[in-house]
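> One structure coming up, written as structure tokens, with questions to follow.
The values are calculated or read from the model by the stated rules, or taken from the named source; none is laboratory data. Just so it is clear, the model here is predicted, and its values are computed rather than measured. FYI the Cβ positions are ideal-geometry reconstructions off the backbone, even for glycines, and counts take in every protein chain you see. Remember, those area values only see protein heavy atoms, side chains included, never the ligands or the DNA or RNA. Shrake-Rupley method; radii C 1.70, N 1.55, O 1.52, S 1.80 Å.
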Amino acid sequence: MELLNNNAELQAWRRQFSPEETVGLIPTMGALHKAHATLFDTARPECDQVVASVFINPLQFERTDDLKAYPRTMEQDLAMLENLKVDAVYLPTPDDMYPSGFATSVDPGDSAVQFEGAARPGHFAGVLTVVLKLFQRCRPTTAYFGQKDAQQLFLVQRMTRDLDLPLTVQACPTLREDDGLAFSSRNARLSKVARQQALVLHQALTAAVAEFQAGDRDPRKLEATMRTFFEDSPAVLAYADVIDEVTFQSAQTSSTSRGHAWRALIAARLEGVHLLDNLLLGNP
Ligand code: AMP
């Protein structure tokens, strides 16, 4: 496995491959866990070359204490990537990514100011800017993103389409613990008690799925069902919304969403840790 410490090393590595060879990119912020491994397991048989990036992107953190608190486990990350048969890891520094004078960024448009973007102005502009730079530098044929971060996935797919980027963005299913909690680097920050209480997110989502499957097509009623799970929970709900997957806007009626699937989104705070999850409802 090659360690590429700056863009020059990345370019030298990338130049070895002909246009016929497929290159898979998996962007990460490190602190790798089992769910990250599934992205690499998907990419490995599909691509001639697999490159990971590990970069805690300062542009997407609006609070410096959040950026400082982000877990850093480089040694374990590299051991895991080696085991996953990754060909190369790009480990840029902030200066390599954003040299002095850097000023341009991607405007993610609407749907970036809702849900995860509501409390974090500039977050998705930061995400899309670094993702676009990673795409330009790594020139992947396919980039792999987790469905767990549904809004991020949507915005990356839309940017790829809108800006004619020559690659495929592949969605990878959310990996969960046996009890339903979605894997996240943030779960490690929860006490044992809060770890159990965090199950409320998945319980609320599965209740919405059950109600949808029973025939309920009123998105506001499905949202109300999800909210009831938080009435007696220490978890503080940030949002519980049913969205149209194609527009990533609040779902309205089955006829305005004709041919578009609905997805239930949820986020809540427990012990100061922001947790998010989502489940597909289906075609209304
Ligand atoms: P991160 O390092 O947290 O930015 O995540 C890197 C990639 O892993 C992103 O595309 C995430 O959506 C994906 N990811 C994180 N957690 C999960 C999960 N539980 N299931 C599937 N993908 C995930």
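> Between beta-carbons, use under 13 Å as the cut-off and find the net charge around residue 280, counting Lys and Arg +1, Asp and Glu -1.
Values: positive: 148, 263; negative: 244, 245, 277.
Its environment carries a net charge of -1.
> Ok, one more. For a quick check: with amide H placed at 1.01 Å from N, whose amide H comes under 5 Å from residue 172's, ignoring anything fewer than 5 positions away on the same chain?
145, 146, 147
> Calculated from DSSP H runs of 4 or more alone, at -39500 (n - 2.57) each and per residue, what is the 222 nm mean residue ellipticity of the chain, nearest 500?
Rounded to the nearest 500, the figure is -10500 deg cm²/dmol.
> For the chain, give the magnitude of the charge dipole about the Cα centre (Cβ charges: +1 Lys/Arg, -1 Asp/Glu; no others), in debye to the nearest 20. Mind dumping the intermediate values first?
Details: 27 positive and 36 negative charges, 44 e Å.
Using Cβ point charges on Lys, Arg, Asp and Glu, the chain gives about 220 debye.
> Anything over 30 Å Cα to Cα? Flag those among 133/221; 85/192; 68/221; 85/148, in the order listed.
Numbers: 133/221 41 Å; 85/192 33 Å; 68/221 40 Å; 85/148 24 Å.
Result: 133/221; 85/192; 68/221 exceed 30 Å.
> At 1.4 Å probe size, with every protein chain present, just tell me what the per residue accessible area of the chain comes to in Å². Present the calculation step by step, with values, prior to reporting the outcome.
Numbers: 13280 Å² over 284 residues.
Computed with neighbouring chains in place, this is 47 Å² per residue.
> For every other residue with a beta carbon closer than 15 angstrom to the beta carbon of residue 188, add +1 if it is Lys or Arg and -1 if Asp or Glu, then tell me the sum. Intermediate results must be reported in sequence, preceding the final value.
Details: positive: 34, 72, 186, 189, 192, 195; negative: 77, 177, 271.
My count for the surroundings of residue 188 gives +3.
> To the nearest 0.05, how large is the calculated FRET efficiency for residue 283 and residue 167 if R₀ is 30 Å and r is the Cβ-Cβ distance? Kindly include the intermediate steps, with their values, before the conclusion.
Working: r = 28 Å, r/R0 = 0.92.
E(calc), rounded to 0.05, equals 0.60.
> Under 12 Å from the Cβ of residue 70, count the other residues' Cβ atoms, weight Lys and Arg +1, Asp and Glu -1, and hand me the total. All intermediate terms of the calculation are to be shown ahead of the outcome.
Details: positive: 63, 68, 72, 186, 189; negative: 65, 66.
Charge balance near residue 70 sits at +3.
> Among 215, 101, 117, which one moves the most in a GNM of the chain with springs linking Cα atoms closer than 10 Å?
It is 101.
> What is the Cα centroid distance between the stretch 105-133 and the stretch 1-65, reported in whole angstrom?
Here the two parts' Cα centres lie 21 Å apart.
> Also, quick follow-up: Where in the chain are the DSSP H helices whose alpha-carbon span along the long axis reaches 20 Å or more and whose Kyte-Doolittle mean is at least 1.0?
Sorted by number, the helices that extend far enough and score high enough are 123-138, 199-213.
> Could you work out which residue, out of 193, 23, 169, moves most in a Gaussian network model of the chain, that is, has the largest mean-square fluctuation with Cα springs under 10 Å?
Of 193, 23, 169, the Gaussian network model singles out 193 as fluctuating most.
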